[in-house]
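See structure below.
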Amino acid sequence: MSKKLQIIILALLTLLLYANTIGNRYSMDDDFVIYNNETVQKGVVGGFQEIITTHYASNEKSKYEYRPVVKLTFAAEYSLWGNNPHLSHTINLLLFVLTVLLLFKILTRLFDQQYPWLPFLAALLFAAHPIHTEVVASLKNRDELLAFLLCLWSAWLFIRFADTKKWYFIPIALLVYLLGYFSKSSALVFVVLIPLILYFAGVRKIGWLVTSVVLLAAAAWMARWLPNQILSGSHRTMWAFENPLYEHRGILYRLGTGLVALLFYLRIFLVPYPLRFYYGYDVIPLTHFPDLLSVLSLILHVALLVVAIRLLRKKHPLSFAILFYFVAISMFSNIMRPAVGIVAERYVYAASLGFCLAAAFGILRIFKYHDKPVVSWQRIHGGVRLVMIALVFIYGARTISRNSVWKDHLTLYYNDIKHCENSFKANFLLASTLQAEIVKSWSQPKFQKRNSQYIKDADMYYQKALKIYDRYPTAWNSYGSLRYMVFRDYDHAIVCFRKAIALKPDYFVAMDNLGTTYNEKQQYDSALVWFKQAVKINTTFESAYTHLGETQLKLNDTTGFFATQKKLQQQIPAS
């Protein structure tokens, strides 16, 4: 089997497995980065300056990260064909195909001489493994696709320099690495991974390896330093339902929970079911070391590390696989720092290369075929062929099935909720998405039957979410809005809005909602109190001014009404 044929097989298999993503629409968090993102919706020409001078995420609650490269790709798509999720999914698929082929190229350079079948089988597993469906099928996760692809390309350019000694490969490699970092900061781990790749590629001079580390570290430092010079202060509100380690900050909690999370990743590599769109609290337990499970995980991972170190001098593929996995997963292990959601399939996108390489080597070693030359597929050892076909078929079928689940928001949420009943955010996302659909179609009779079911489900999932975690003010406000709008249960709505305000005393939206509910109960004096409080906190909150003025008229307070309108005109002249 020639290298050309192997490349064709890998490309066609990857396209086949992910072709059904092209028909998907927008899904989880795509609104956040694409069709509701004002900067992206300006296109490349109108939004370029804003994209390169602003945070990746920016709203009244948070400003964080700097990922201009991925935002520019979405802006370019908008400039070319507007909001078209199908073409965007096509681009994601092509990026993944390129990643698989580049992986194959790098692995061939590293292991082809001693282990001829290894690069092809490892790349085959990487293409088929369903743990990658979140990254490929979710447009929001293009940042992961680009970061990994560009860092691999940078590694290949470093290898080209090592092979040819042509100096111009170095600045190009560093530029490509910076583009990867500006896609997502998870590229930071390649400061170590690229020198590791160079070592296994045969670079023997310690000086060259040290130089590559220094150059990459300098590039990473610049990638972190530069945004600080052009962006205002970054901040992101962290919640315990995203990761309880934000509240339990002791090192033993981080160590225990991190070790359990690492064990979880090994499990879903081997058995990728069930997969979920979100984990977080309370799917992955908060663990205090030395809990039994965390101790077992520590023993296992120390044993793997010992194996990797012992085989390092031999440049054994198992050593590379284990070290690559450990370094790639380090940023998301929860041991160094808490990860949003505790665990996520996208967090092990790059690290999964280590598993795929180790699994491919294990299969070849079991059948004593690891050092055999590449022959036609028909002449390969029957056992190797059977196991690989079975794995690709099982993993591939799961991948195709999982892709269809990412069709849109509700398809994804409804499918996965049965596997994440203990997740606060999963329940809350489903409930709030159902509520949004109800609001959009509330006055359309043709949706009455559907909305009747949505209302029951939204109410149920809000209750489940708040039972799991009751300290998130947005959840109380949203649930209060549902009780007010749909059920006309004003007393229950008031309880919800008050809880939201108790958790967040400056929550002016909940205050406005609370005042509106008191209005419906004709308790106008109470309504006035909350409307006035809302405009006091946010002097440009037009809705509260409107409601305040309406309530003043109901009380025949024309003096107060005119005072409110005058203040509104001062604060919002365009009103």
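The values are calculated or read from the model by the stated rules, or taken from the named source; none is laboratory data. Keep in mind the model is a prediction, meaning the values are calculated, not measured. Cβ atoms come from the backbone with ideal geometry, glycine included; neighbour counts cover every protein chain shown. To get the accessible areas, we keep the full protein, side chains included, count just its heavy atoms, and leave off ligands, DNA and RNA. Shrake-Rupley method; radii C 1.70, N 1.55, O 1.52, S 1.80 Å.
Data overview
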{"quantity": "In nm, spacing of pseudo-spin labels at residue 522 and residue 32 (7 Å Cα→C-beta vector)", "calculated": "4.5"}
{"quantity": "P(r) tail fraction, segment 277-373 - alpha-carbon pairs more than 22 Å apart, %", "calculated": "40"}
{"quantity": "For peptides 311-322, 290-301, 200-211, sequence by mean Cβ density within 10 Å, most packed first", "calculated": "311-322, 290-301, 200-211"}
{"quantity": "Per residue accessible area in Å² of segment 427-559, where ligands, DNA and RNA are left out and the probe is 1.4 Å", "calculated": "49"}
{"quantity": "Translational diffusion of segment 448-509, µm² s⁻¹ [Kirkwood Rh, Cα pairs; Stokes-Einstein; 25 °C; 0.890 mPa s]", "calculated": "207"}
{"quantity": "Semi-axes of the equivalent ellipsoid for segment 6-121, Cα gyration tensor, largest first, Å", "calculated": "34, 17, 12"}
{"quantity": "Potential extension, residue 498-residue 305 segment - 0.36 nm per residue separation minus Cα distance", "calculated": "64.2 nm"}
{"quantity": "Euclidean distance of C-alpha centroids, segment 1-80 and segment 333-411, integer Å", "calculated": "24"}
{"quantity": "Rel. contact order, % - alpha carbon contacts under 8 angstrom, at least six apart, segment 74-226", "calculated": "20"}
{"quantity": "Inter-centroid distance (Cα atoms) of segment 517-568 relative to segment 95-131, Å", "calculated": "65"}
{"quantity": "Sparsely packed GluC sites (Glu not before Pro) within segment 53-151, loop by DSSP, other Cβ within 10 Å at most 14", "calculated": "60"}
{"quantity": "Karplus (6.51, -1.76, 1.60) ³J(HN,Hα), θ = phi - 60°, over segment 15-21, in Hz, Gly and Pro reported as x", "calculated": "4, 5, 5, 10, 4, 6, 6"}
{"quantity": "Alpha carbon convex hull of segment 445-548, projected area averaged over orientations, nm²", "calculated": "7.0"}
{"quantity": "Share of carbon and sulfur in the accessible heavy-atom surface of the chain [1.4 Å probe, %]", "calculated": "61"}
{"quantity": "In sequence order, calculated HN-Hα J values of segment 552-560 (Karplus, 6.51, -1.76, 1.60; Hz; x Gly/Pro)", "calculated": "5, 5, 4, 8, 6, 8, 5, 4, x"}
{"quantity": "Where segment 156-259 is the region considered: accessible area per residue in Å², 1.4 Å probe", "calculated": "49"}
{"quantity": "Gained length - residue 84 relative to residue 224, 0.36 nm times residue gap less alpha-carbon distance", "calculated": "47.1 nm"}
{"quantity": "Histogram of C-alpha separations across segment 377-434, 5 Å bin width, %", "calculated": "4, 17, 18, 14, 10, 9, 8, 7, 7, 4, 2, 0"}
{"quantity": "Degrees, to the nearest 10: 142-164 long Cα axis against longest axis of the chain", "calculated": "30"}
{"quantity": "Heavy atoms of residue 525: accessible area, 1.4 Å probe, square angstrom to 10", "calculated": "110"}
{"quantity": "Relative contact order for the chain, counting Cα pairs under 8 Å that sit 6 or more residues apart, in percent", "calculated": "14"}
{"quantity": "The chain: angle of helix 352-366 to the longest principal axis, Cα-based, in degrees nearest 10", "calculated": "40"}
{"quantity": "Label-point separation in nm, residue 569 to residue 506, each point 7 Å along Cα→Cβ", "calculated": "3.0"}
{"quantity": "Descending principal axes extents, segment 484-529, alpha-carbon based, whole Å", "calculated": "24, 22, 13"}
{"quantity": "Segment 334-407: radius of gyration over Cα atoms, expressed as a fraction of 2.2 N^0.38 Å", "calculated": "1.49"}
{"quantity": "Approximate spin-label separation residue 389-residue 168, in nm, with each point projected 7 Å along Cα-to-Cβ", "calculated": "4.8"}
{"quantity": "Extension gain, residue 210 back to residue 50 (0.36 nm per residue minus Cα-Cα distance, nm)", "calculated": "53.9 nm"}
{"quantity": "Whole-Hz ³J(HN,Hα) from phi, Karplus 6.51 cos²θ - 1.76 cosθ + 1.60, for segment 329-337, glycine and proline x", "calculated": "8, 4, 5, 10, 6, 6, 7, 6, 7"}
{"quantity": "Which listed pairs, of 532/567; 456/521; 418/446; 4/372, have C-alpha distances above 21 Å, in listed order", "calculated": "456/521; 418/446"}
{"quantity": "Distance cut-off 32 Å, percentage of C-alpha pairs in the chain lying past it", "calculated": "53"}
{"quantity": "Equivalent ellipsoid semi-axes - Cα gyration tensor, segment 217-314, angstrom", "calculated": "29, 23, 15"}
